[in-house]
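First up is the structure itself, then whatever we jot down about it.
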Amino acid sequence: MKRLEGKTILLAVTGSIAAYKAVEVARLFVKAGARVRPVMTDASRHFVGPTTLSGITSEPVHDGMWDASIEGELHVMLARGADALVVVPATADRLATFAQGRAEDLLGALALCVACPVLVAPAMHPRMWAHPATQANVASLRSRGVRLLGPVEGEVASGELGIGRMTEPQAVFDAVAEILAPEACASTRLDGRHVVVTAGPTVEDLDPVRFLTNRSSGKMGFAIAAAAARAGARVSLVAGPVALATPDGVSRIDVRSALEMQRAVDAILGEGLRGADALVMAAAVADYRPATPSTTKLKKQGELLEVRLLRNPDILAAIGERRSSVRPVLVGFALETGDDDTVEAYARGKLAAKRCDLIVANEASAALEGDSNRIRLFARGDERPAESFEGAKQDVAARIVEAVAQRLAEVAS
């Protein structure tokens, strides 16, 4: 059964540049089985089209108090069947409208009429968020049980940094799912757990200006760290050189080489590997490094330059070898080129050789630099065909984190 099967969500969109995120929120709700009834304010039409929301939800968009096709009062009819009212994004003006209890449009009337949970995801310039009037409105709404999702710190439309950026669609979905389907979310929670994630490439210096590396963007590992944090975990992210923002609620340690990554992971795990409940090795760690890096820039010398390479330590295999209990849960990645049979054979071999609990197998062309991924998930002791999952990296990350949470629940029982 889909997580939100049988639930009806009123998804309201207001006039903010962040309105485009409402489309992804709608998609996540629909994918989870919910009926999504879109409501738009006049201003929101400047940022996202009603045809888009209607196409995603297969429902008509409601944007005014008067609808001749509806018998009775539209806001009463919509409110009667709703399990949640979710406002994505919520502008400063909309927060003021809600706080003052004004019903001058359909959304205002809905907010007064619904008897279900109300969740709002604010989005505005940081100075507008920090203004005493906005903060007073926020305090008033919270006192009445309205749940605010964000905003978060980051870059806003003006290019300035601060608290005012709308939280990401997956975080909105997770918050709603926890309220409407807590039993379905229980097995995927990581409250009280410490999860360590590695991400990105490593860089191995050849001389002061040149290095060996790979094409890993770090996006998959960062998405996993974000998903684990949303699931309630304390997350330590060990990141190679990438230009990605640190996910909300995540502690980040930046490293450069494979040896630095090994030292950072070992320091976090500590003696007896008791420092974490799970380790997800999503980083693309270089297999080799120059044996004798030059301290000065190498000059051109002839047609052939020979470089001797030294094998880097296998961080995951070393931890698998040292592990003497069921924790930390170990998750490895098997990146391969070739057909599905080749990838599966490599993944199952790595699962056994490195003593992992889970292996995420993916084909290189679908994994390295884009925003989507296609994976197969292999579990130790399970010879059944691997579960396959394809989608945006944030969705794939959520599935990997669910598998980690389920594994932790199994070893605890």
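Hey, what angle do you get for helix 132-143 against the long axis of the chain, alpha-carbon based, 0 to 90 degrees rounded to 10?
90 degrees
As a test of understanding, state the convex hull volume per residue of the chain from its alpha carbons, in Å³. Kindly include the intermediate steps, with their values, before the conclusion.
Details: hull volume 75.5 nm³, N = 413.
Measuring per residue, one finds 183 Å³ for the Cα hull of the chain.
Please sort 196-207, 269-280 by packing, taking for each peptide the average over its residues of neighbouring beta carbons within 10 angstrom, highest first. Write out the running numbers ahead of the final one.
Details: 196-207: 24.1, 269-280: 18.7.
Result, highest mean Cβ count within 10 Å first: 196-207, 269-280.
Take the Cα radius of gyration of segment 73-113 and divide it by 2.2 N^0.38 Å, with N its residue count; two decimals is plenty.
Numbers: Rg = 10.1 Å, N = 41, 2.2 N^0.38 = 9.0 Å.
Rg over 2.2 N^0.38 Å, computed on Cα atoms: 1.12.
Give, as a single signed number, the net charge of other residues whose beta carbon lies under 12 Å from the beta carbon of D191, with Lys and Arg counted +1 and Asp and Glu -1. Intermediate values should be presented prior to the final figure.
Values: positive: R189, R193, R230, R234; negative: E178, D277.
Here the charged neighbours net out to +2.
Please give the charge dipole size of segment 8-184, origin at the Cα centre, charges +1 on K and R Cβ atoms and -1 on D and E Cβ atoms. Round to the nearest 20 debye. Intermediate values should be presented prior to the final figure.
On the way: 14 positive and 18 negative charges, 42 e Å.
Dipole size: approximately 200 debye.
May I ask for the angle, rounded to the nearest 10°, between helix 393-412 and the longest principal axis of the chain, with both axes built from Cα atoms and the value confined to 0 to 90°?
80 degrees
Over segment 266-318, consider all pairs of different Cα atoms and compute the Kirkwood hydrodynamic radius from their mean reciprocal separation; express it in Å, one decimal. Don't skip to the end; give the middle numbers.
Values: mean 1/r = 0.0686 Å⁻¹.
This gives a value of 14.6 Å.
Assuming 0.36 nm per residue, please report the length gained on full extension of the stretch A345 to V326 beyond their Cα-Cα distance. Could the numbers behind the result be given before it?
Details: separation 19, 0.36 × 19 = 6.84 nm, distance 2.46 nm.
Going from the current span to full extension adds 4.4 nm.
Count the net charge of all other residues whose Cβ sits under 11 Å from the Cβ of D357, scoring Lys and Arg as +1 and Asp and Glu as -1.
Working: positive: R323, R327, K354, R355, R380, R407; negative: D382, E410.
Taking every Cβ under 11 Å from that of D357, the sum is +4.
Given the DSSP H assignment, sum -39500 (n - 2.57) over each helix run of at least 4 residues in the chain and divide by its residue total; what's the result at 222 nm in deg cm²/dmol, nearest 500?
Dividing the helical sum by the residues of the chain leaves -10500 deg cm²/dmol.
Taking just the C-alpha trace of segment 1-61, give me its Rg and Dmax in Å.
Reported Rg and Dmax, both Å: 11.2, 37.
Restricting the calculation to Cα positions, tell me the Rg (one decimal) and the Dmax (whole number) of segment 189-412 in Å.
Radius of gyration, then largest Cα-Cα span, for segment 189-412: 17.6, 61 Å.
Using alpha carbons only, how many degrees (0 to 90, rounded to 10) separate the axis of helix 340-353 from the longest principal axis of the chain?
That works out to roughly 70 degrees.
For segment 300-368 and segment 130-177, what is the centre-to-centre distance using only Cα atoms, to the nearest Å?
40 Å
What share of Cα pairs, in percent, lie more than 18 angstrom apart in segment 235-340? Numbers along the way, then the final one.
Numbers: 3337 of 5565 pairs.
So the pairs more than 18 Å apart make up 60 percent of the total in segment 235-340.
I want to check the label-to-label distance for D382 and R263. Put each point 7 Å from Cα in the C-beta direction and report it in nm to one decimal.
Those two pseudo-labels are separated by 3.8 nm.
Work from the charge dipole of segment 189-412 (Cβ charges, +1 for Lys and Arg, -1 for Asp and Glu, about the Cα centre) and give the residue of G232, A276, Y346 farthest towards its positive end.
A276
Run the reach check for K354 against lysines, Cα to Cα strictly under 29 Å, same-chain hits fewer than 8 apart removed. What comes back?
By straight Cα distance, K354 reaches K219, K393.
In units of 2.2 N^0.38 Å, what is the alpha-carbon radius of gyration of segment 176-316? Present the calculation step by step, with values, prior to reporting the outcome.
On the way: Rg = 18.6 Å, N = 141, 2.2 N^0.38 = 14.4 Å.
Segment 176-316 yields a ratio of 1.29.
Take the Cα atoms of segment 166-251, build their convex hull, and give its volume per residue in Å³.
Values: hull volume 9.1 nm³, N = 86.
Cα convex hull per residue, to the nearest whole number: 106 Å³.
Counting alpha carbon pairs within less than 8 Å and at least 6 residues apart, what relative contact order, in whole percent, applies to the chain? If you can, show how the numbers build up before the last one.
Working: 853 pairs, mean separation 45.4, N = 413.
Value for the chain: 11 percent.
Please state the Cα pair-distance histogram of segment 8-184 with 10 angstrom bins from zero: what percent is in each bin?
10, 41, 38, 10, 1
In which sequence would I56, I17, I400 go, from the one with the fewest C-beta neighbours within 10 Å to the one with the most? Please report the intermediate quantities before stating the final value.
Details: I56 20, I17 16, I400 25.
Placing the least packed residue first, the sequence is I17, I56, I400.
Throughout, read-outs are computed from the coordinates displayed, never taken from laboratory work. None of the values given here were measured: they were computed from a predicted structure. Neighbour counts are summed over all protein chains in view; Cβ atoms, including those assigned to glycine, are modelled from backbone coordinates with ideal geometry.
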